[in-house]
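Beneath this line is the structure, given in structure tokens, with notes to follow.
The values are calculated or read from the model by the stated rules, or taken from the named source; none is laboratory data. Treat the numbers as computed from the prediction; the structure is a model and nothing was measured. Glycine gets a Cβ as well: all are built from the backbone with ideal geometry, and neighbour counts include every protein chain shown. To get the accessible areas, we keep the full protein, side chains included, count just its heavy atoms, and leave off ligands, DNA and RNA. Shrake-Rupley method; radii C 1.70, N 1.55, O 1.52, S 1.80 Å.
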Amino acid sequence: MAKQTFTTGQVLTAAQMTSLQQTAMGGGSTTAKTTSYVLVAADAGTVVQMNAAGATTITVNTALFSAGDTVQIQNVGAGVLTITAGTATVSTSATLALKQYDAGTLYFNTTSAAFFFAVDAADSPLTTKGDLYTYSTVNDRLAVGTNAQVLTADSTAATGLKWATPAASGSMTLLSTTTLSSTSTTISGISAAYQDLLILVYGKTNSGANGSFYLKPNDGAVTLVELNTNTSVISYTADPLYLRNDTYAVDATSAVNSYQILIRNYANTVAYKPFTASGAYTSDRPGIDPWFSNGAVKTNSAISSLVFYITGGGSFTAGTVKVYGVN
Amino acid sequence: MANPMVTIHNTETNEIIEREMTAQEFAAYNAEENAEIARVAAIAKATTDKTALLAKLGITADEAKLLLS
């Protein structure tokens, strides 16, 4: 029953006692609403139940209720019911937007200030599989990201969180696999989309005499500054990168050779590109000879092609070059 | 006599073509090869000369290093 003012000597009817009992047990008479509504004084001690398909509001104004008055608010409709502070203030730790079957008690601390105590489900903003329960200035929902995204702190986001695709790091992408053939083999059109280039070469044989095997980034439009394993001088300049040491030539028929060349910052258009290279090959002594070279590709241009040459008057008869883009 | 062949693998299109070296490419290739032969020969000569000098002095390479240290 709505809030009553009893008088001395008043005799309550059975119906009044039943209604009081219901109210005391958290129930009470219900005022059904189907459209937005502004609370009135007679709502004190009752249940205001909204049942609407669309969004509605219940507005709370001042000077209607006494301190200690309560109004239960329920939403049984599909539309969201929002408790709106009109001239009174309404404070809550939960949300004032009630989904279907959310409910709570509006408790008036003073005639102009009410607290809304939501029942447990009322403050959950979660609606969809994968939602995260977060907080902005109120309890809030963060919808699930796409596959493989990771949760990332972001102070500019409303909740301080967002789903983001992690930056690629430390990954290698095979750009090409090329079989060595002819007297020179060019690998062109190398993508500039990576940080470094890793070049693996192995199993080279050739039809000519034992000789040299060398690489020209951008086909000789560049020079190298290198420190070679068998060179006594600290700085040595040559056009190509010879994949052999200075003493022993590469055996033409043995496929037992393998090299790796890592060129850093290869797509940069301002600076030289440092490289490190190493490997081993069957030499003409015969024997297995190690080889290494360090230095820089002396060009300001991006490296977009690699050209391998064989000397000795023949052609490559076998050999594989794999080029990886590295981030 | 035909010039040596070159193979070009375009990684953007995955197209592979083979053709003869142009006269300019062949000249650059020969120049590089001759320079390499000369460079290797010079290194070999330096090694031979060093060995001969050590023999003339009657000392080993390690002894020569010790002398120069």
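Things worth noting here:
- Contact order relative to length of chain A, as percent, for alpha carbon pairs under 8 angstrom and 6 or more apart: 15 percent
- Excluding same-chain neighbours fewer than eight residues apart, the aspartates and glutamates reachable from A:K216 by a Cα-Cα span under 19 Å are A:D196, A:E226, A:D239, A:D246, B:E18, B:E20, B:E25, B:E32, B:E33, B:E36.
- Probe 1.4 Å, protein heavy atoms only - accessible area per residue of the protein assembly as shown in square angstrom: 51 Å²
- Just the protein heavy atoms count here, and of the accessible area of the stretch B:5-68 at 1.4 Å, carbon and sulfur take up 63 percent.
- Spatial separation of Cα centroids for the stretch A:245-261 and the stretch A:65-131, in angstrom: 80 Å
- Ordered from highest to lowest accessible area with the whole protein assembly present and a 1.4 Å probe, A:R285, A:R244, A:R141 read as A:R285, A:R141, A:R244.
- Panel note: the C-alpha atoms of the stretch B:5-68, placed on their principal axes, show extents of 62, 25, 14 Å (largest first).
- Residue pairs exceeding 31 angstrom between C-alpha atoms, taken from A:K3/A:K33; A:K33/A:K162; A:K273/B:K65; A:K204/B:K56: A:K33/A:K162; A:K273/B:K65; A:K204/B:K56.
- Take the accessible area of A alone and of B alone, subtract that of the pair with a 1.4 Å probe, and the total buried over both chains is about 1900 Å².
- Note on chain A: Kirkwood radius taken over Cα pairs, Stokes-Einstein applied at 4 °C and 1.567 mPa s, translational D equal to 48 µm² s⁻¹.
- Coordinate range of the alpha-carbon atoms in the stretch A:44-113 per principal axis, descending: 32, 20, 20 Å.
- Shielded by partner chains, the stretch B:5-24 residues - at least 50 Å² of accessible area, 1.4 Å probe, vs chain alone: B:T7, B:H9, B:T11
- The mean sequence separation of alpha-carbon pairs under 8 Å and at least six residues apart, normalised by the residue count of the stretch B:5-68, gives a relative contact order of 16 percent.
- Treating each Cα of the stretch A:1-122 as one equal point scatterer and applying the Debye formula with no solvent, the log10 of I(q)/I(0) at q = 0.14, 0.21 Å⁻¹ comes out as -0.57, -1.17.
- Of the residues B:T7, B:A31, B:T48, the one whose Cα sits farthest towards the positive end of the charge dipole of the stretch B:5-68 is B:T48 (charges of +1 on Lys and Arg Cβ, -1 on Asp and Glu Cβ, taken about the Cα centre).
- Helical runs assigned H by DSSP (4 residues or longer) give chain B a calculated mean residue ellipticity at 222 nm of -21500 deg cm²/dmol, each run adding -39500 (n - 2.57) before division by the residue total.
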